[in-house]
Amino acid sequence: MPVDIDKVREALTSLKAGGFTDEQIAVGIGQQMPGGAHPSSMTVYRWRNGRNTPREMYCWAILEMAKNQKEQ
């Protein structure tokens, strides 16, 4: 199932508005990845601003983080 990149960017913006820094978002993604691999905070910044597009595995982690943030 393809990921809607607009929803991913909305999720990144929502996380940022919720008080998360790009570094915290990057580390949060890593906590969901096998082996703890995570993007850099600069990469998260580029994704949020539409300069680059995250790989699908990162998209799902971002959407999950935003979902968990909304539930709290």
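Look at (1) in contact (Cβ under 8 Å) with a residue 24 or more places away in the chain; (2) closer than 17 Å to Gln69 by Cβ; (3) not polar (S, T, N, Q) and you find that Gly50 fails only one, number (2). Would you be able to tell me the number of residues in segment 18-72 that are in a loop (DSSP other than H, G, I, E, B), under 10 Å from the mean Cα position of the chain (by Cα) and within 22 Å of Met1 (Cα to Cα)? So the answer is 1.
Looking only at segment 34-56, decide whether some residue is of a type outside the set (Gly, Ala, Ser) and within 17 Å of Gln72 (Cβ to Cβ). Walk me through it before giving the result.
Going through segment 34-56, the residues of a type outside the set (Gly, Ala, Ser) turn out to be 34, 38-39, 42-49, 51-56.
Still in the running and within 17 Å of Gln72 (Cβ to Cβ): none.
Within segment 34-56 (the criterion being of a type outside the set (Gly, Ala, Ser) and within 17 Å of Gln72 (Cβ to Cβ)), the answer is no, since none of the residues qualifies.
For every residue, the table says whether it meets (1) touching a Ser or Thr at 6+ places or on another chain (Cβ under 9 Å); (2) of a type in the set (S, T, N, Q); (3) surrounded by 19 or more Cβ atoms within 10 Å (Cβ to Cβ); (4) modelled with pLDDT under 95.
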residue: Thr13; (1), (2), (3), (4): no, yes, no, no
residue: Ala26; (1), (2), (3), (4): yes, no, yes, no
residue: Gly35; (1), (2), (3), (4): no, no, no, yes
residue: His38; (1), (2), (3), (4): no, no, yes, yes
residue: Ile62; (1), (2), (3), (4): no, no, yes, no
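Residue pairs whose Cβ atoms lie under 6 Å apart, sitting 6 or more positions apart in sequence or on different chains, and linking a residue in segment 1-30 that is of a type outside the set (A, V, I, L, M) to a partner that is not in a helix (DSSP H, G or I), are Gly30/His38.
The values are calculated or read from the model by the stated rules, or taken from the named source; none is laboratory data. All values reported here derive from a predicted model rather than from experimental measurement. With ideal geometry, Cβ positions are generated from the backbone for all residues, glycine too; neighbour counts draw on all protein chains shown.
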